[in-house]
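What follows is one structure encoded as structure tokens, with my remarks underneath.
The values are calculated or read from the model by the stated rules, or taken from the named source; none is laboratory data. Bear in mind that the values here come from a model prediction, so they are computed numbers and not experimental data. Note that each Cβ is placed from the backbone with ideal geometry, even for glycine, and that neighbours are counted across all protein chains shown. In case anyone asks, the SASA skips ligands and DNA or RNA and just uses the protein heavy atoms, side chains included. Shrake-Rupley method; radii C 1.70, N 1.55, O 1.52, S 1.80 Å.
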Amino acid sequence: MNIFVGSLPFSTGEAELQEVFEAYGTVDSAKIIKDKFTGKSRGFGFVEMPNDVEGERAIEELNGYELRGRQIVVNKSEPKPEGDRRGGGGGFNRGGGGGGYRRDY
């Protein structure tokens, strides 16, 4: 089971995150998501637990848990729908409006 963990203190490390979840069962991995430019935590991560019963219990018990003064958000991570790309680009002259060139027929 893949579990989303949000509102993490920025100083939380992966070992600490794993340790918190190991109180509820086996943890395959704990990953803190970091900014690709600065390398600093973005304040959320994911925990992978192979046993769904243990994962559900961890979600139930840890959602709202206070970790170093912050209440963390814990819920089941749902995979993004295929083709769902977050972000997107601006693109030149999106949304119509001729961009200075007009053709009258």
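Observations, loosely collected:
- The GluC sites (Glu not before Pro) of segment 4-63 include none that meets both conditions, a loop assignment by DSSP and at most 15 other Cβ atoms within 10 Å of the site Cβ.
- Sparse-neighbourhood loop sites, chymotrypsin sites (Phe, Trp or Tyr not before Pro) in segment 1-81 - DSSP loop, at most 13 other Cβ within 10 angstrom: PHE10, PHE37
- Whether segment 1-40 is rounded, prolate or oblate, judged on the alpha carbon gyration tensor where a/c under 1.5 counts as rounded: prolate
- At the residue level, ARG70 shows approximately 90 square angstrom of accessible surface with a 1.4 angstrom probe and all protein chains present.
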